[in-house]
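The values are calculated or read from the model by the stated rules, or taken from the named source; none is laboratory data. Predicted, not measured: the structure shown is a model, and the values here were computed from it. Cβ placement follows ideal geometry from the backbone for every residue including glycine, while neighbour counts extend to all protein chains displayed. Heads up: the accessible areas ignore ligands, DNA and RNA and are worked out on the full protein's heavy atoms, side chains in. Shrake-Rupley method; radii C 1.70, N 1.55, O 1.52, S 1.80 Å.
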Amino acid sequence: MGLFSSLFGGGKKKKVSKATVETRGVHMPDLNLPIDEKFTIHFKKNGGKFLYCDSFKEVSEALRNIVEENQWKNSPFFIMDERLEQKFSKEDISFTQKASNSEIFFTTCEHLIAQNGSILVCSNQLKEKKLNELPENVIVFATTSQLVENIGEGLKAIKKKYKQGIPANITTLKHFQATNENADDFLTYGSSSKHLYLLLLEDL
């Protein structure tokens with residue numbers, strides 16, 4: 001994951017100009033790009049906010065900064081994965097299991113899709129909820145080992161991981177800003193734009 005270290009200085013957030021990201025995306029064929037660089041370009045193009053962390057301490061710091069930036073200190077985080085509440089129990093945030101009580105959805109994911117910068121989720125993260133039933137603001141906690149080249153590879157990994165039964169409600173989070181564009185694949189059909197932060201922990 002050399003690109004993440006060079007772009008974000010080993011966890012310290014550094015800004016990369018939008019022009020640089022777009023130029024690389026236009027003039028360099030995707031096939032010649034490392035998987036981490038490809039994901040970064042497409043994720044930023046989708047409007048997502050990216051925070052690379054090389055330790056859990058930096059994840060905690062980034063989360064605190066997000067809460068402060070958005071004035072969410074008194075806003076409970078809606079979660080459907082109880083492991084997140086355990087993992088972040090020492091943070092100065094509260095949790096709720098009712099979407100109607102929150103403006104922030106805090107979740108994990110199955111995979112990060114480099115090909116289009118989307119985030120692959122399923123019933124393990126969403127239960128039976130549709131994307132448009134979730135709060136507008138989303139914070140995703142993921143690790144670099146969850147990066148895959150494309151949706152097909154992600155689906156194969158899910159099938160292999162859950163041999164006892166493939167989870168339902170498989171979909172992608174892709175639109176991270178207001179857009180008039182129609183979804184361009186079946187996994188984003190009926191999705192709605194989300195204001196999304198990705199907390200990405202280096203684990204390779």
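Going residue by residue through the range 117-140, is there one that turns out to be under 26 Å from His42 (Cα atoms), open to solvent by 60 Å² or more (accessible area, probe 1.4 Å) and part of a helix (DSSP H, G or I)?
Yes - at least one qualifying residue is present in the range 117-140.
As an exercise: evaluate Ser60 against (1) open to solvent by less than 30 Å² (accessible area, probe 1.4 Å); (2) touching a helix residue (DSSP H, G or I) at 6+ places or on another chain (Cβ under 6 Å) and give the number of the one condition it does not meet.
(2)
Looking at Ile113, Ile151, can you tell me which residue is β-branched (Val, Ile, Thr), under 28 Å from Asp54 (Cα atoms) and free of Cβ contacts under 8 Å to residues at least 60 places away in the same chain?
Just one listed residue meets the conditions, Ile151.
Sort through Lys90, Lys160 and tell me the only one that's surrounded by fewer than 18 Cβ atoms within 10 Å (Cβ to Cβ) and either at pLDDT 95 or above or assigned to a helix (DSSP H, G or I) (or both).
Of the residues listed, the single one that is surrounded by fewer than 18 Cβ atoms within 10 Å (Cβ to Cβ) and either at pLDDT 95 or above or assigned to a helix (DSSP H, G or I) (or both) is Lys160.
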